[in-house]
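To start, the structure under review is shown below, and the notes come after it.
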2 protein chains.
Amino acid sequence: MSKINLGIVEDDTLIQESLNDFFDAQSEIDCVQISSSVEDFLTSIKSLETLPKIILLDINLLGMSGIDGIPLLLNELPKVDIIMLTTFEDNDSIYKALCAGACSYLSKKTPLKKIKEAIEVVSKGGSYMSPSIARKIVNTFAPKQHKSNLLTPRQKDIVAGIVDGKSYKMIANDLFVSIDTVRTHIKNIYKTLEINSKAELIRKSYDNEL
Amino acid sequence: MSKINLGIVEDDTLIQESLNDFFDAQSEIDCVQISSSVEDFLTSIKSLETLPKIILLDINLLGMSGIDGIPLLLNELPKVDIIMLTTFEDNDSIYKALCAGACSYLSKKTPLKKIKEAIEVVSKGGSYMSPSIARKIVNTFAPKQHKSNLLTPRQKDIVAGIVDGKSYKMIANDLFVSIDTVRTHIKNIYKTLEINSKAELIRKSYDNEL
DNA sequence: TCTACAATCACATTATGATGTGATTTTACT
DNA sequence: AGTAAAATCACATCATAATGTGATTGTAGA
């Protein structure tokens with residue numbers, strides 16, 4: 001089994017050394033590049049023979065933030081997997097990092113052994129999250145049980161048609177009612193939702209706000 | 001430290017027994033109810049003294065599916081944490097389960113020891129995902145960098161305005177061009193995307209289809 | 001240089017959407 | 001029986017959107 005080539009972007013030299021010393025002692029992992037900033041890292045990898053397969057990335061760095069650096073790193077190394085290793089555990093940082101393309105997110109409190117485990121999991125195509133972070137991620141899926149009693153069943157039919165891109169006429173046809181009925185329903189929907197355009201309705205629908 | 005009260009909903013009796021035997025041998029976990037269906041489980045817990053704090057839930061059950069059962073379980077036991085334990089690893093099942101309110105998702109291939117670990121993690125307010133499942137979840141955040149060369153930069157500006165719910169007039173004002181220019185852009189956009197209404201445009205935009 | 005294309009604007013017509021007022025019917029609850 | 005809410009339809013009006021035809025300018029590439 002070949003070694004896992006690892007890159008580290010971390011501006012705290014103490015943590016740099018701690019990680020480096022630890023991975024040096026691991027036969028499975030080879031740390032090919034350590035930098036203090038994304039800018040520096042991107043420059044350095046141009047002269048490397050073996051490119052990193054996985055990057056441990058901090059957020060709070062000297063130059064650009066780790067989150068802003070993700071697209072740049074992925075651009076240079078399209079196949080790299082990025083593991084965030086950071087003290088920031090706020091929902092916003094987690095969300096932004098994942099949206100930018102990070103595949104795992106670890107708290108800096110994570111023991112070295114678990115970090116190694118995460119690297120191995122990721123190198124096998126999986127993903128590892130710190131438990132507290134995983135919980136925050138799943139909460140983004142199911143926070144709003146909006147349950148919407150706002151709209152009546154018929155109104156929901158109408159909304160479905162609109163979100164589908166149908167015109168009032170088409171909706172009227174599909175539901176076997178007159179176009180004036182459709183209009184009335186839409187008037188009532190707009191009133192209930194306090195909006196006044198299809199665009200807002202579609203947005204609300206996609207944002208699960210009904 | 002008090003025991004963790006566990007419920008299990010699983011229709012395969014072999015797995016039922018295997019889980020039960022295993023947890024019986026664990027001092028930290030107390031299995032208070034095992035049922036083969038959500039319906040049965042909901043009935044049974046009414047006569048229990050100690051209610052489960054965590055439920056291991058299968059998807060493929062005799063009556064209603066585990067996913068459909070999640071809201072009912074949460075309704076009866078609002079503070080319960082639900083861990084999916086299932087063979088289904090398709091994105092859709094995972095997504096639906098999390099949206100319905102499950103807090104963890106384990107493959108049935110997960111070793112008993114890891115299942116126990118997951119239960120403990122969840123009981124401490126965290127969440128544990130099988131690595132392959134965690135990867136699928138993070139992929140839902142940063143899916144396709146569609147990069148769409150379909151639309152020109154200016155056309156994208158126009159689309160942004162439309163998706164924002166602005167009228168042509170407002171867009172024209174914002175971009176310092178005439179409303180006729182906006183109209184022309186939109187005509188071209190519709191032609192390129194082979195659509196013919198704002199609604200469809202907004203839908204495509206929200207679905208990342210441009 | 002010729003060409004393609006993005007971006008700009010104009011004019012014109014028809015279609016669709018937004019909003020108001022008012023009315024009838026059915027169902028469900030008090 | 002009375003009331004409320006949901007669903008249905010009509011008529012009217014103004015605003016906005018969709019679509020066609022035609023034209024100019026600037027820029028990037030064959």
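Please treat every number below as a calculation from the coordinates, not as lab data. In this text, all values refer to a predicted model and were calculated from it rather than measured experimentally. When we count neighbours, we look across all protein chains shown, and the Cβ atoms used for this are built from the backbone with ideal geometry, even at glycine.
Table for the structure above
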{"quantity": "Inter-probe distance in nm under a simple model that places probes 7 Å from Cα toward Cβ, at B:SER167 and B:GLU194", "calculated": "3.3 nm"}
{"quantity": "Reciprocal mean inverse distance between Cα atoms of segment A:65-210 - Kirkwood radius, Å", "calculated": "18.7 Å"}
{"quantity": "Part-to-part distance (alpha-carbon centres) for segment A:88-138 and segment B:66-131, which is given in Å", "calculated": "18 Å"}
{"quantity": "Phi to ³J(HN,Hα) by Karplus 6.51 cos²θ - 1.76 cosθ + 1.60 over segment A:174-186, Hz, x for Gly, Pro", "calculated": "4, 9, 6, 10, 7, 5, 5, 5, 4, 4, 4, 4, 5"}
{"quantity": "Mean residue ellipticity (222 nm) of chain A, computed from DSSP H runs ≥ 4 via -39,500 (n - 2.57), nearest 500", "calculated": "-15000 deg cm²/dmol"}
{"quantity": "Cut-off under 5 Å, modelled amide H: who pairs with A:ASP30 long-range", "calculated": "A:ILE4, A:ASN5, A:LEU6"}
{"quantity": "Charge sum, other residues only, whose C-beta stays under 14 Å from A:ASN188's C-beta, Lys/Arg counted +1 and Asp/Glu -1", "calculated": "+2"}
{"quantity": "Neighbour-limited loop hits for GluC sites (Glu not before Pro), segment B:57-145 (at most 10 other Cβ within 10 Å; DSSP other than H, G, I, E, B)", "calculated": "none"}
{"quantity": "Label point distance in nm, A:THR181-B:ARG154, each placed 7 Å from Cα along Cα→Cβ", "calculated": "4.6 nm"}
{"quantity": "The protein assembly as shown: C-alpha gyration tensor shape, a/c 1.5 cut-off, then a/b vs b/c", "calculated": "oblate"}
{"quantity": "Å³ per residue enclosed by the Cα convex hull of segment A:153-206", "calculated": "67 Å³"}
{"quantity": "Phi to ³J(HN,Hα) by Karplus 6.51 cos²θ - 1.76 cosθ + 1.60 over segment B:30-46, Hz, x for Gly, Pro", "calculated": "10, 8, 8, 7, 10, 10, 9, 8, 5, 4, 4, 4, 4, 5, 5, 5, 5"}
{"quantity": "Among A:ASP174, A:ASP12, A:ASP90: highest mean-square fluctuation, GNM of chain A, C-alpha pairs under 10 Å", "calculated": "A:ASP174"}
{"quantity": "Other-chain or far-sequence residues with amide H under 5 Å of A:SER197's (modelled H)", "calculated": "none"}
{"quantity": "Under-5 Å amide H pairs with B:TYR128, H placed in peptide plane, nonlocal only", "calculated": "B:TYR105"}
{"quantity": "Debye-sum result for segment A:1-138 in log10 I(q)/I(0), which assumes one identical scatterer on each alpha carbon, at q = 0.09 Å⁻¹", "calculated": "-0.22"}
{"quantity": "Calculated label separations, A:LEU175, copies of the chain, 7 Å along the beta-carbon direction, nm", "calculated": "3.3"}
{"quantity": "Inter-site label distance for A:LEU14 and A:THR87 at 7 Å from Cα along Cβ, in nm", "calculated": "1.0 nm"}
{"quantity": "From phi via Karplus (6.51, -1.76, 1.60), per-residue ³J(HN,Hα) for segment A:15-29 in Hz, x at Gly/Pro", "calculated": "5, 3, 5, 4, 5, 4, 4, 5, 5, 4, 7, 9, 6, 7, 10"}
{"quantity": "Cα-Cα over 19 Å, subset of A:LYS124/B:LYS136; A:LYS136/B:LYS79; A:LYS198/B:LYS169; A:LYS156/A:LYS204; A:LYS96/A:LYS124", "calculated": "A:LYS96/A:LYS124"}
{"quantity": "Max mean-square fluctuation residue, GNM over chain A, Cα-Cα springs under 10 Å, options A:LEU175, A:LEU112, A:LEU56", "calculated": "A:LEU175"}
{"quantity": "Averaged over A:194-205, number of beta-carbon atoms from partner chains that fall within 10 Å", "calculated": "4"}
